[in-house]
Amino acid sequence: MYKIRQVAEILNVPTVQIHEKLIFLKNDLKGCIHKKNSITFIDEKGLVMIKKAFESEMIVKVSEPESDELETQSVSMTDDESHKLTEIENTYDLKVIELREKIGHSKSQLNKLDIEIMRLNDAILHYHETLKEDIDIRLLKEEKWEQLPVEAPVNERPESETEIVTETEGKKGFFNSFRSK
């Protein structure tokens, strides 16, 4: 497994061209490209396919009449210019990495917010169910309350419902023991 930068070093091309090839060969490279922690890896099979794509591109460029001009321009590049080009590529790579990190951070924040929203929705559903149960219980209590017969005050109850104390039961109490003496 190789990182994109490693593939670029192996093929001696800028990483931008590797990205372009990945886009161009997207369908052919399915299964050869793997992502782990927002880092793209290419396996051996993918490396061979990208290498063949670059070789076939070089054959096409050499056969074109304009290719001589391109080669002379790249050969005539000074060390200072190539150093500047390398710096530009490095800053580009750093910015791409920085943007990927920001995107990854934003995705994780969105995931956290999604989880929070789901948790709050669950809480709302739970409170809704609890409220429904409370309302149902209160309604049942009100219905039962309304269905209960109105009882007469204690003074107005018939003797069958009140306690009838016989003389023997009345003498059993603690204070009644003092009265009889």
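Karplus couplings for the range 83-98 from phi (6.51 cos²θ - 1.76 cosθ + 1.60, θ = phi - 60°), rounded to Hz, Gly and Pro as x?
Rounded to whole hertz, the list is 5, 4, 4, 5, 4, 4, 4, 5, 5, 4, 4, 5, 5, 4, 4, 4.
Taking the Cβ of residue 115 as the centre, find all other residues whose Cβ is under 14 Å away and add up their charges (Lys, Arg: +1; Asp, Glu: -1).
My count for the surroundings of residue 115 gives 0.
Counting Lys +1, Arg +1, Asp -1, Glu -1, what net charge surrounds residue 36 among other residues with beta carbon under 14 Å of its beta carbon?
Result for the neighbourhood of residue 36: +2.
Which residues does a label at residue 38 reach in the range 111-143, if reach means a backbone N under 15 Å from a point 7 Å past the Cα toward the Cβ?
In the range 111-143, the label zone of residue 38 (backbone N under 15 Å from the point 7 Å along Cα→Cβ) covers 111-112.
Between the range 9-39 and the range 118-142, how many Å separate their Cα centres?
54 Å
5 Å is the cut-off here: which amide hydrogens, built 1.01 Å from N in the peptide plane, fall below it relative to residue 32, excluding neighbours closer than 5 in sequence?
none
With respect to the cross-link table entries 45/95; 30/84; 107/132; 21/102; 26/112, which display a Cα-Cα separation exceeding 26 Å?
Table pairs above 26 Å Cα-Cα are 45/95; 30/84; 107/132; 26/112.
Kindly write out, for the range 116-128 in residue order, the coupling ³J(HN,Hα) from the Karplus curve 6.51 cos²θ - 1.76 cosθ + 1.60 (θ = phi - 60°), rounded to whole Hz, with x marking Gly and Pro.
Values, residue by residue: 4, 5, 5, 5, 5, 4, 4, 5, 4, 4, 5, 5, 4 Hz.
Grab the other residues whose beta carbon is less than 12 angstrom from that of residue 127, score K and R as +1, D and E as -1, and report the net.
-3
Just so you know, all these numbers are worked out from the coordinates, no wet-lab data involved. The structure presented is a predicted model; accordingly, all values stated were derived computationally and were not measured. When we count neighbours, we look across all protein chains shown, and the Cβ atoms used for this are built from the backbone with ideal geometry, even at glycine.
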